[in-house]
Amino acid sequence: MPRRPDRTNAEWLADLAADGPALDAALRDLRPVLLRALHVTLAPRVDRGADALAEDLVQDALLQVRERAGQFRGDAKFTTWAQKVAVHLAFSELRRKRWEDVPLDAVVADPPSTPEPAADVSMANAEAVALVRRLIAEELTERQSTALTAVLNGMPLDEVARRLDTNRNALYKLLHDARLKLRKAFEDRGLTPDDLLDSGAP
């Protein structure tokens, strides 16, 4: 089939939802569009190997665009929207690579990152921060504590899930249960998360 990079939005959606030659042709025509967006995003941010990384990511970008095509609202060109999907994927990969060589033990060895109380902040603030740290260590399971501390210290969710040999949905559940435990621990002490926020704790 001849190349058709000038499809209308409706034609892109129809072809990506199809099977057989129409789908193959749409993916073929979309590939260089996404590859260009990936390269432009990666080149200034990767010391070397930007082209190879873009090639590695373009297939995943094509799959994401096809899977998420139903989310396209039609308020821009479809190819512009598809490029945004690819760019988001590129940034996610860059965040993952930044943490790739950081041992999980090193991330969770420190308590969650919190700003130090200023000199003019009441002692209640420091005590609240200390309480949050202690509750994470004492009230949560080791797996919950590891996951929550890693996330609070900035590790991306996908990377935490990979390190814990789980998936994103299971990690969401783990973090949700951890937060419920912490809320109950607060309430058992006559506190609410709002009390901690009011005192300046994160």
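The values are calculated or read from the model by the stated rules, or taken from the named source; none is laboratory data. Quick caveat, the model's predicted, so the values are computed rather than measured. All Cβ positions, even for glycine, are placed from backbone atoms using ideal geometry, and neighbour counts span all protein chains on display. Areas reflect the complete protein model, heavy atoms only, side chains present, ligands, DNA and RNA absent. Shrake-Rupley method; radii C 1.70, N 1.55, O 1.52, S 1.80 Å.
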Hits in region 1-51 (condition: outside any helix (DSSP H, G or I), open to solvent by 40 Å² or more (accessible area, probe 1.4 Å) and closer than 20 Å to K84 by Cα): P5, D6, T8, A43, P44, R45
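Let's see how each residue does on (1) touching a Leu at 6+ places or on another chain (Cβ under 6 Å); (2) among the aromatic types (F, W, Y); (3) touching a residue at least 12 places away in the same chain (Cβ under 8 Å):
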{"position": "W12", "(1), (2), (3)": "no, yes, yes"}
{"position": "A18", "(1), (2), (3)": "no, no, no"}
{"position": "P21", "(1), (2), (3)": "no, no, yes"}
{"position": "A26", "(1), (2), (3)": "yes, no, yes"}
{"position": "R31", "(1), (2), (3)": "no, no, yes"}
{"position": "L35", "(1), (2), (3)": "no, no, yes"}
{"position": "L42", "(1), (2), (3)": "yes, no, yes"}
{"position": "D47", "(1), (2), (3)": "no, no, no"}
{"position": "D51", "(1), (2), (3)": "no, no, yes"}
Selection count, region 63-83, where residues are without any contact (Cβ under 8 Å) to a residue 12 or more places away in the chain and either basic (K, R) or over 29 Å from A18 (Cα atoms) (or both): 1
Selected residue [part of a helix (DSSP H, G or I), open to solvent by less than 20 Å² (accessible area, probe 1.4 Å) and within 27 Å of L164 (Cβ to Cβ)] from A86, A82, A54, A90: A90
Which listed residue is at pLDDT below 85, more than 24 Å from the chain's Cα centre (by Cα) and of a type outside the set (F, W, Y), from D110, D105, D101, D120: D120
